[in-house]
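Below you'll find the structure, written out as structure tokens, and then a few comments.
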């Protein structure tokens, strides 16, 4: 059997006050908006611009290239594969050597308190 006090406690835990909802919206909404503005919009624009010919100066000079830029990179630029190899080496180094060494140093340096 439920009492009025028990019902009020459940209701208090379930519902957020107006200031709590505002705080939650601010803590979730502002970082989400900033991430969208500074990360996702530039990333999407970069992908779209990769299919164009543009020198980056005037917006009126943008011309559609389709897959020609990618064809040029993959088949007409042998230096691309060298750069890709170096990036993969860096990625593997930081993933499997530098990060585990840093974690090990941090754990081994902890005090025994």
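Just so you know, all these numbers are worked out from the coordinates, no wet-lab data involved. Remember, it's a predicted structure, so these values are computed and weren't measured experimentally. With ideal geometry, Cβ positions are generated from the backbone for all residues, glycine too; neighbour counts draw on all protein chains shown.
Could I have the simple spin-label model distance between residue 60 and residue 84, label points 7 Å from Cα toward Cβ, reported in nm to one decimal?
3.8
Between residue 44 and residue 106, what length comes free when the chain is fully extended (0.36 nm per residue of separation minus the Cα-Cα distance, one decimal in nm)?
Length difference between fully extended and current span is 18.6 nm.
Provide the gained length on full extension for the span residue 77 to residue 95, in nm with one decimal, where the gain is 0.36 nm per separating residue minus the Cα-Cα distance.
Full extension of this stretch gives 3.7 nm more.
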